[in-house]
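Step one of this worksheet: look at the structure below.
The values are calculated or read from the model by the stated rules, or taken from the named source; none is laboratory data. In this text, all values refer to a predicted model and were calculated from it rather than measured experimentally. Cβ coordinates were reconstructed from backbone atoms using ideal geometry, including for glycine residues, and neighbour counts include every protein chain displayed.
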Amino acid sequence: MTLSLTSASQAQPALASLATTGSLAVSALTRASAPLPGLNDESPDFFDGGRAAPLLDGPGRQRSRSDARIDAAKLGAMPAVDGGEQWECLAEAIYFEARGEPIPGQVAVAEVILNRVDSERYPDSICGVVNQGTGRLHACQFSYTCDGIPETVTEPAAWAKAGKIARLLMDGHDRALTRDATHYHADYVDPYWAAVYPQTARVGRHIFYRQIPGA
């Protein structure tokens, strides 16, 4: 997929994400559920509600949560990044699905995609996961891949941030925020699978779930 970069005044803004009926898609119904602890850029803890186990940095040595955090300071200290097709697919998904979210929300979306790559249930490449079902009615996994609107980047700063997050996650940064989540939806909708899969985290406006065998 080819992306074009232009100014906001020259291009039509991308539609909001998560508006189809695929596995990550959502319906227009509001779902009442017990709230999960939220997380945003100002949260003192990178992990949802502080409930995740500490990470290990080498045999038997705990890594502090501050070391594991992807925040504005970490991204700001990084030089400009780029990459190949797989990097572009991940950066694109972060940008079009979650660029309006705080940094943890963008990281969380990237985690879901990479968790799917690791799962036998889904394609074994980033681009395969992102574009799964694209072009088939009610089958696309990410709404922006089948809404008929060109993938035009109108916010260069947000694209640069998405690219850095994609680079960090692809290079092996810890994926502990969503606890192996494979699904998510916005907090104002009600996909059918939300009643089946266990919730793992709430980050920004998205609620995350882990697919379970047999469901």
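What do you reckon, is Ala176 of a type in the set (A, V, I, L, M), in contact with a strand residue (DSSP E or B) (Cβ under 7 Å, 6 or more places away or on another chain) and part of a loop (DSSP other than H, G, I, E, B)? In short, yes.
The set of residues in region 145-169 being under 17 Å from Val117 (Cβ atoms) and modelled with pLDDT of 95 or more consists of Ile165, Ala166, Arg167, Leu168, Leu169. Scoring Arg202 on the criteria (1) outside any loop (DSSP other than H, G, I, E, B); (2) surrounded by fewer than 18 Cβ atoms within 10 Å (Cβ to Cβ); (3) of a type in the set (D, E, K, R) leaves a single failure, condition (2). Taking Ala25 as meeting all but one of (1) crowded, with 19+ Cβ neighbours inside 10 Å; (2) at pLDDT below 50; (3) outside any loop (DSSP other than H, G, I, E, B); (4) among the small types (Gly, Ala, Ser), write down the number of the exception. Every listed condition holds for Ala25 apart from (3). So how many residues does region 67-118 have that are basic (Lys, Arg), more than 19 Å from Glu155 (Cα to Cα) and outside any helix (DSSP H, G or I)? Qualifying residue count for the region: 1.
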